[in-house]
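Report on the following structure.
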Amino acid sequence: MSEKQNLVVLGATGSIGLSTLDVVKRNSELFNVFALTAGQNAKKMAELCIEHEPLYAVMANQAAAEQLSAHLNGTSCQTLVMHSVQAMSDLCAHPDVDTVMSAIVGAAGLLPTLSAVEAGKKVLLANKESLVMSGQLFIDKVKKHNATLLPIDSEHNAIFQCLPASLQNAHADQQLEEHGVSKILLTGSGGPFLTRDINTLKNVTVSEAVAHPNWSMGQKISVDSATMMNKGLEFIEAKWLFNCQASDIEVVIHPQSIIHSMVAYHDGSILAQMGNPDMRTPIAHALSYPKRINAGVKALNFAEISDFSFTKPDFARYPNLQLAIDACDAGQGATTTVNAANEVAVAAFLQGKIAFTDIYSINAKTLDSTPVNAVNSLDDILACDKAARLCATQLLAKVSH
Ligand code: NAD
Ligand code: MG
């Protein structure tokens, strides 16, 4: 094994993938790009292969892989091009790999991420959907295979940084209470519709929904931030990452996204992690943990902060947030179901097939109409995900305009 960390970036062409490669480039003495993977964007992948010279590049399907090969043909790039989820999973488990950045969007990230976990790798988790849909199974595998799980989601990374060192790598085995923690304060900006007239939410356009006031992100998470389903998924993510109950977590609206989340202690102390809203900070933190490296992020200038405010979430404005919190209480079947329904509904909204407010209707009705059987094994999880997608897709036809 070389002294540099050998890295696989799942979802390399996305927002998190590109930010990861930016941090890697700034610290090239520490990291070696072993493999890159992406869905369809062969052109961007070709640029990344030429720049980072990974040994392997994996696309989701054969057509995209052929496009990538065509782009690389005639260049000096020696990267071996492959395709399929299996190839992504195999590379995540490759003996030369140290670290896997899990940054595919949605349920498509589950199998490669689990493969990295089962191979005992250092797993940097941006793909929150994989943890939401498999919760206990995911965490059990982390423990069984002695993998290192570090959160990339800015809130969870902030919480992680605010926890005592003894808890940071306890693999969710220890109780927060025993370490003096009284509450996890999960902050969220409220997205672009924090103050919009609630009666006009049904008219929200795609470009309005993806225009997040503070963060630049992929389309799916941007819509999730506008509905606050993102905070709901993060609520479930926090429960699993930090081994706590729903009652230990409180959502706080903080429109400026300066504080990225907080941990409250029994002595009255509240620790917050702050900074400019730039995902390169949590990415750099996790890549080099426990050391600190340059992330290329501008330091926060307190003199420039004009507003610093906090409120409670309004569940009438954000019914998806309540839905996800209730699903968290109800258990794995409900969280797998709501995650799957939401992926179907958000994709339909992005394609102009349903209204913004229909996302909630589809999610709520899918939860109501899917029989929630015991969901434990990977087969149970995949079956539950499939059933929820089918149900949500059938519901789409009823609300499509
Ligand atoms: P994105 O849409 O910008 O990128 C997604 C990546 O996944 C792309 O490389 C795409 O090619 C790949 N991909 C999509 N479908 C695939 C498939 N079926 N098979 C293989 N690869 C596929 O998304 P993003 O904003 O980078 O988000 C990635 C993940 O990180 C999401 O789970 C998101 O919730 C999480 N996250 C993102 C941010 C952010 O700031 N962008 C913050 C926190 C968490
Ligand atoms: Mg987040």
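Observations
The rows are residues; the columns are (1) among the basic types (Lys, Arg); (2) within 13 Å of ligand 1 (Cβ to nearest atom); (3) free of Cβ contacts under 8 Å to residues at least 40 places away in the same chain.
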residue: 65; (1), (2), (3): no, yes, yes
residue: 75; (1), (2), (3): no, no, yes
residue: 78; (1), (2), (3): no, no, yes
residue: 103; (1), (2), (3): no, yes, no
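- Scanning the stretch 210-217 finds no residues that are within 15 Å of ligand 2 (Cβ to nearest atom), assigned to a strand (DSSP E or B) and not charged (D, E, K, R).
- Where helices (runs of 4 or more DSSP H) sit wholly within the stretch 41-151, those with at least 1 residues that are open to solvent by 70 Å² or more (accessible area, probe 1.4 Å) and within 23 Å of residue 334 (Cβ to Cβ) occupy 110-118, 128-144.
- Within the stretch 143-167, being touching a helix residue (DSSP H, G or I) at 6+ places or on another chain (Cβ under 6 Å) and more than 16 Å from ligand 1 (Cβ to nearest atom) holds for 145, 147, 164, 167.
- Among (1) in the same structural domain as residue 340 (by TED's automatic domain parsing); (2) within 21 Å of the chain's Cα centre (by Cα); (3) at positive phi; (4) open to solvent by 10 Å² or more (accessible area, probe 1.4 Å) - the single one residue 190 does not satisfy: (4)
- Here is the figure for the stretch 308-342: residues that are more than 17 Å from residue 246 (Cα to Cα) and of a type in the set (A, V, I, L, M) total 3.
- Candidates 268, 296, 275, filtered to the one that is within 16 Å of ligand 1 (Cβ to nearest atom) and surrounded by fewer than 17 Cβ atoms within 10 Å (Cβ to Cβ): 296
- Test: residue in the stretch 218-228 that is open to solvent by 10 Å² or more (accessible area, probe 1.4 Å), in a loop (DSSP other than H, G, I, E, B), within 13 Å of ligand 2 (Cβ to nearest atom) and touching a residue at least 24 places away in the same chain (Cβ under 8 Å): yes
- For residue 354: the one exception among (1) surrounded by 19 or more Cβ atoms within 10 Å (Cβ to Cβ); (2) within 23 Å of the chain's Cα centre (by Cα): (2)
The values are calculated or read from the model by the stated rules, or taken from the named source; none is laboratory data. Since we're looking at a predicted model, the values are computed, not measured. Ideal geometry is used to build each Cβ from the backbone, glycine not excepted, and the neighbour counts take in all protein chains shown. The protein model used for the area step is the full one, side chains on, heavy atoms only, and it has no ligands, DNA or RNA in it. Shrake-Rupley method; radii C 1.70, N 1.55, O 1.52, S 1.80 Å.
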